[in-house]
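Notes to accompany the following structure.
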Amino acid sequence: MKKYLLIATAFILSAGSACAQNAKFETLKPSQQVLQQSNNASLQATPRKAPRKIELGENQLIMGAYTSDALCQSGYGLGVTGVPGQLKAAVFLPIDQVLPFDGGKVVKFRVGLDSATPIANAFIYGISQSGNIEEIITADFSGNAKKGWNEVTPKEPFTLNLSSYQGVLMGYEYKQTASNYPISTVDEGTPYELFIFGNLGQGEDWYNMGADYGNLSVQAIVENENFEAINVILDKMTLSSNYFQSGEDISYAVALHNFGTGTVSSYKLNVELDGTPFETLEGEELPSLEMKTIKADTPLPEDLERGTHTLTVKLAEVDGVAVEEEQSLSSSFYAYEESVPRQKNLIEQFTSQYCTYCPRGVTFFSDLMEKRDDITWVSIHGNMNGTDIFRINECDQIMSYLGVTGYPSAAYNRTFVPDLAEGNEIVYGLGYNMSYRTQVVNMLSEVIDETAKVPSFVTLTLNPEANASTRELTFTVEGAGVNEAAEVLNGYGLYALLTENGIVAKQLNEGKWVQDFTHHYVLRKMFTKTTGDEITWDGDNFSKDFTYTIPDGFNIENLQVVAFVAPIVNLSNIDVMNMAVNNCESADVIVNTPSGITEMSNDNNAEYMHYSLSGMLLTAPQKGVNIVRMADGRVVKTLVK
């Protein structure tokens, strides 16, 4: 997928891209879409003021989500206009972003606004390992804060002790009215989530607004006599896949962060493969407090043996001087010999009947399924500001470990997509502007193609059948793997579930309730654990049987069984970067009717009328199972391939 394409289409995200937000911490509650923008233009397209250099004293650094003087374009501020009163706005900064400031003294806060409003204080709250929110420092403002940057100095410098926290909330308390939009956010730096504290619908608490708006304009000036002029830190390392073939280019990226007060002019990285020199990477200018990412695509040895290998990156030189204290990052991958075609691509849609923008996702995925025939769509429902009748416990469990932060959103083959990601995440928003429907569908199709590049090592088959009288569903999932599939897929599990299509029920849509909305491919039942069942391999193959009595409330004619193989989820150590679906298959449930309909007839003589399994009259036979009324009065089922 071309990077420029997704950047070019990013502007089509609308202000309603996140109807509901789930908490990053246990104390946070879901919220409805409450942030409004003073200008109706797309948030993603919002330009910003050109940054200018901040005046800092010796041994002073900026702590924040970004470090320039940039503010949102005038007139593009945000506000929670439906909840007037005292509110707090804060940005969540993970511990690795703020730990270099540990031991420094906060000597000043800076708050950037797009409109004047009274500010009570600026603050830094620590998030403990258990999720508790603890005050670290608060600095009181006095009077009305102006449009632009405002500064406040604590009564006395406060020394930061951050090592016991998992991150901090840095922000300010301000007065919100029904008509002001003071919050400035800037599309600069690594995007971090915006939080609002107040009663936004479910009691007074912190509500997660997501990272789509850009970074909050709030900064702290930290002073430390021990700040180094040059302090380059290896930030993170990512591989484009967990699997590569011998001789294939291995694609990876390494990020470096300069937490020093000076500018680095050059740096060198040594890369090793299984402890042996592999290549050398070099970079140029890295200003103070900036982060840069080096990307590489390098052929692996043609004779690389099948199995697990480790790529290690070490910081070797900074400004031509050898690094004394070793810094290194490592990532492992599996070298494979053969793979099988991908059967279906799994889309997990996260939605709610009470989410006003969620029908947009239904439209996009319906179009996508018309565009291509390799999609398996599972609609996973959750509660929002009301009880969703399609929500089951398994829905909550799946959304929890996949890291769902809002509706409407979706995961694609549970795969990390760098061009969409704002951090380490595999679930992406769907609140795109409907006027760009065609472009959105084309973009999502490219996203599917990108995630499908992960090689598949097992072919799945399943044959779900249900007895119309007893409503008993039986099926077997069989997996036929490549040579050494059991080894390649060590740690992977089987997931099997049931969906129901064409359910007519109410849905909030663009602010109005629609009573006869059609819900597609709704998750009804997990046959395996939500985290996956361990696979019992027979050589490189496996087989597992399932039996289930279909409840009376399910339309037996509209059911579909979905099976996929993906890593088993460890709830005590969730790794969203290691959840990619290896292969997926789905099949309509074939209903065996004792009388009235002859099952799966191949008699095509004198066909009179064709119907879908849901009873819809068809103008022509469609792919799959059709109900056909014959000229002689018989009713049969035919399978069209």
| field | With all protein chains modelled, accessible area of residue 330 [1.4 Å, Å²] | value | 70 Å²
| query | Between residue 363 and residue 555, what length in nm is gained on full extension when 0.36 nm per residue of separation is reduced by their alpha carbon distance? | reply | 66.9 nm
| query | How large, in percent, is the carbon and sulfur part of the accessible surface of the stretch 94-164 at a probe radius of 1.4 Å? | reply | 47 percent
| query | Of all the accessible heavy-atom surface of the stretch 200-268, with the other protein chains kept in place and a 1.4 Å probe, what percent is carbon and sulfur? | reply | 37 percent
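Which of the pairs 108/146; 236/529; 236/453 have their Cα atoms more than 26 Å apart in this structure? Show your work: numbers first, answer last.
On the way: 108/146 17 Å; 236/529 32 Å; 236/453 23 Å.
Cα-Cα > 26 Å for 236/529; rest within.
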| field | Per residue solvent-accessible surface (Å²) - the stretch 397-508, probe of 1.4 Å | value | 33 Å²
| request: Using a 1.4 angstrom probe on heavy atoms only, work out the carbon and sulfur share of the accessible area of the stretch 412-539 in %. | output: 42 percent
| Span per principal axis, largest first, for the Cα atoms of the stretch 88-217 (Å) | 41, 33, 30
| At a probe radius of 1.4 Å, what is the per-residue accessible area of residue 232, in Å² to the nearest 10? | 10 Å²
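Rounded to the nearest 0.05, what FRET efficiency do residue 99 and residue 328 give with R0 = 22 Å and r taken as the Cβ-Cβ distance? Could you check? Before the final figure, lay out each step's value.
Details: r = 18 Å, r/R0 = 0.82.
Once rounded, the FRET efficiency stands at 0.75.
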| message | If R₀ is 35 angstrom, what is the calculated FRET efficiency for the pair residue 504 and residue 204, using the beta carbon separation as r and rounding to 0.05? | response | 0.40
| query | Under a point spin-label approximation (7 Å from Cα along Cα-to-Cβ), what is the residue 229-residue 86 distance to one decimal in nm? | reply | 4.7 nm
| What aspartates and glutamates sit close enough to residue 88 to cross-link, taking a C-alpha to C-alpha distance under 19 Å and skipping anything fewer than 8 places away on the same chain? | 26, 114, 134, 135, 140, 151, 173, 193, 204, 205, 212
| message | Using the Cα atoms of the stretch 155-291, I'd like the radius of gyration and the largest Cα-Cα distance, Dmax, both in angstrom. | response | 20.8, 63
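For residue 274 and residue 140 in the same chain, what is the full-extension length gain: residue separation times 0.36 nm, less their Cα-Cα distance, in nm?
Numbers: separation 134, 0.36 × 134 = 48.24 nm, distance 5.44 nm.
Gain on extension, residue 274 to residue 140, equals 42.8 nm.
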| message | Accessible area per residue for the stretch 316-379 in Å², computed with a 1.4 Å probe and the full protein assembly in place, what is it? | response | 41 Å²
| query | Of the GluC sites (Glu not before Pro) in the stretch 476-584, which ones lie in a loop per DSSP and count no more than 13 other C-beta atoms within 10 Å? | reply | 510
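The values are calculated or read from the model by the stated rules, or taken from the named source; none is laboratory data. All values reported here derive from a predicted model rather than from experimental measurement. Neighbour counts are summed over all protein chains in view; Cβ atoms, including those assigned to glycine, are modelled from backbone coordinates with ideal geometry. Quick note on the areas: whole protein, heavy atoms, side chains included, nothing else; ligands and nucleic acids left out. Shrake-Rupley method; radii C 1.70, N 1.55, O 1.52, S 1.80 Å.
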